[in-house]
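Asks: Supplied in structure tokens, the structure appears directly below.
Any read-out appearing in this document is the output of simple, stated calculations on the displayed coordinates, not a laboratory observation. Just so you know, these numbers come straight off a predicted model, no measurement behind them. Neighbour counts run over all protein chains shown; Cβ positions are idealised from the backbone, glycine included.
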Amino acid sequence: MQVYLDNNATTMCDPQVVEAMQPFFSELYGNPSSLHKFGTATHPYLKKAIDQVYTALNASDDDDIIFTSCATESNNWVLKSVFNDLIVGGDKDHIITTEVEHPSVLSACRWLEEQGVKVTYLPVNDQGIVEPHTVKSFITDKTALVSVMWASNETGMIFPIKEIGEICKEKGVLFHSDGVQAVGKIPVDLQDVHVDFVSMSAHKFHGPKGIGALYIKNSQPLSPLLHGGEQMGHRRSGTLNVPYIVGMGKAIELATTNMEEKMASIRAKRDRLEDALLELSDTFVVGSRENRTPNTILISIRGVEGEGMLWDLNNAMIGASTGSACASEDLEANTVMLAIGADNELAHTGIRLSLSRFTTDEEIDYTIEQFKKAVARLRAISSSFAKVQPTPGGEAGECHIPHHMAH
Ligand code: C6P
């Protein structure tokens, strides 16, 4: 058996999505900007895809949803263009974000700091989320933008976006949310929540890689990141990627149709897996289940290095991760766990398991069995190692675990 439990890194493209995309590679391949029939033949399909995205997010006709290559591009676009428009071209000098954003936000913010922007990286609470009053307390009349993720890719924790949106509206500050891990996983209603910009990526909800979008409330001005042709009303130049736009439309429609039912089924499997893994001694899951995306578990196993665990799981054909896929090549501690207050040793033990609607009960059974086997093997190795190499200042495997992480 092989089990894929890294759906926060990327998902399998749904076969129905692949089928919907197929004609646009070698039959309906015209450039939508061309005036001849080859080009215009694509228009109804593009319109349908755009409608599917608007419907899924309950966006208003006054809003813009602009296709990009991925959420990394969408995040960079907002941060760099707000810098250009309100900081270089205005009297603001400050951006607020959190310590636990994806690297596509954090690295862009660090670059902005090099350009002289003041960036506040808000701390998170013991549940791994930022509290609305914390955001409020850091907003000044120089603040150009608040950027807070909708849900964490590492922990699955859902941030109080509605409350933060209200604060930003009241203070007259632009609000961006990285919605990558929320769109297609939990309801995202853009007429219910006040948010100026939302980034998303299709491959997180069983669409193709290489296509994302940026939602822009009320089609408000935001200088383009890519200059060039007239595509997307001059907002994002480059020939429209018709097959991928069609695929994103189909994928978001599939993900959000009967969403509650789909999510209840994923949640039931996730909870069963989590309950079984918590039977192991000294295991901890970050964040309350109720406020987490229904597919995600970030679990720590005292005395078991995350990388060792991944190795054993991989040998059993189970794909998991220690955290964000784009930070998986270093052996650093999990930065989100450090931000929550875990000590360095504990922050090396995090394993992220993320399910999808394609995860089966048999796969969960197999994962529970293999996970327990791996923990027993790795703990046996570390205890025999500890006999010859006592940890200075304490017993081997001993580490400080913040009480709030225990469940
Ligand atoms: N997170 C993960 O393993 P792209 O790569 O541009 O499609 O998406 C970037 C991105 C932005 N924001 C969040 C919250 C994300 O989770 C991701 C992608 C993957 O967690 C790969 S690093």
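Asks: Relative contact order for the chain: what percent, with Cα pairs under 8 Å and sequence separation of 6 or more?
Replies: Over the chain, the number comes to 22 percent.
Asks: Right, another one. For the range 1-158, state the average projected area of the convex hull of the C-alpha atoms over all orientations, rounded to one decimal in nm².
Replies: Here the figure is 14.0 nm², rounded to one decimal.
Asks: Now a separate question. So how far, in whole Å, is the C-alpha centre of the range 262-281 from the one of the range 31-110?
Replies: Result: 35 Å between the Cα centres.
Asks: Follow-up. As I understand it, the value is the acute angle between the Cα axis of helix 259-277 and the longest principal axis of the Cα atoms of the chain; what does it come to in degrees, rounded to 10?
Replies: The angle comes out near 20 degrees.
Asks: Quick one: helix 43-57 against the long Cα principal axis of the chain, what's the angle to the nearest 10°, folded into 0 to 90?
Replies: Value to nearest ten degrees: 50.
Asks: Quick one: of the DSSP bridges fully inside the chain, what percent are antiparallel, nearest 5?
Replies: 55
Asks: When only alpha-carbon atoms count, how far does the chain stretch along each of its three principal axes, as whole angstroms with the largest first?
Replies: Computed over the chain, the largest-to-smallest principal extents equal 75, 51, 33 Å.
Asks: For a quick protection proxy, order the peptides 106-112, 143-149, 357-363 by their average other-Cβ count within 10 Å, most packed first.
Replies: Packing order, densest peptide first, comes out as 143-149, 106-112, 357-363.
Asks: Beyond a 24 Å Cα-Cα separation, which of these cross-linked pairs lie in this structure: Lys48/Lys162; Lys142/Lys169; Lys118/Lys209; Lys162/Lys250; Lys92/Lys204?
Replies: Too far apart for the 24 Å limit: Lys48/Lys162; Lys118/Lys209; Lys162/Lys250; Lys92/Lys204.
Asks: Rounded to the nearest 20 debye, what is the charge dipole size of the range 259-386 about its Cα centre when +1 sits on each Lys and Arg Cβ and -1 on each Asp and Glu Cβ?
Replies: With Lys and Arg at +1 and Asp and Glu at -1, about 180 debye.
Asks: Could I ask something else about it? Along the charge dipole of the chain, which of Thr55, Tyr29, Gln191 sits closest to the positive end, that is, farthest toward it, with unit charges on the beta carbon of Lys, Arg, Asp and Glu (+1, +1, -1, -1)?
Replies: Tyr29
Asks: For the range 15-256, evaluate the Debye formula with one uniform point scatterer on each Cα (no solvent term) and list log10 I(q)/I(0) at q = 0.16 Å⁻¹, rounded to two decimals.
Replies: Taking Cα atoms of the range 15-256 as identical point scatterers yields -1.12.
Asks: So how many Å³ per residue does the convex hull of the Cα atoms of the range 259-386 work out to?
Replies: So the per-residue Cα hull volume is 114 Å³.
Asks: Alpha carbons only, please: Rg and Dmax for the range 90-131, in angstrom.
Replies: 11.3, 37
Asks: Next up: Between 0 and 90 degrees, rounded to the nearest ten: what's the tilt of helix 361-388 against the longest Cα principal axis of the chain?
Replies: 50
Asks: Moving on to the next point. Extending each Cα 7 Å along its Cβ direction at Asn31 and Asp126, get the distance between those two points in nm, one decimal.
Replies: If labels sit at Asn31 and Asp126, their model points lie 6.0 nm apart.
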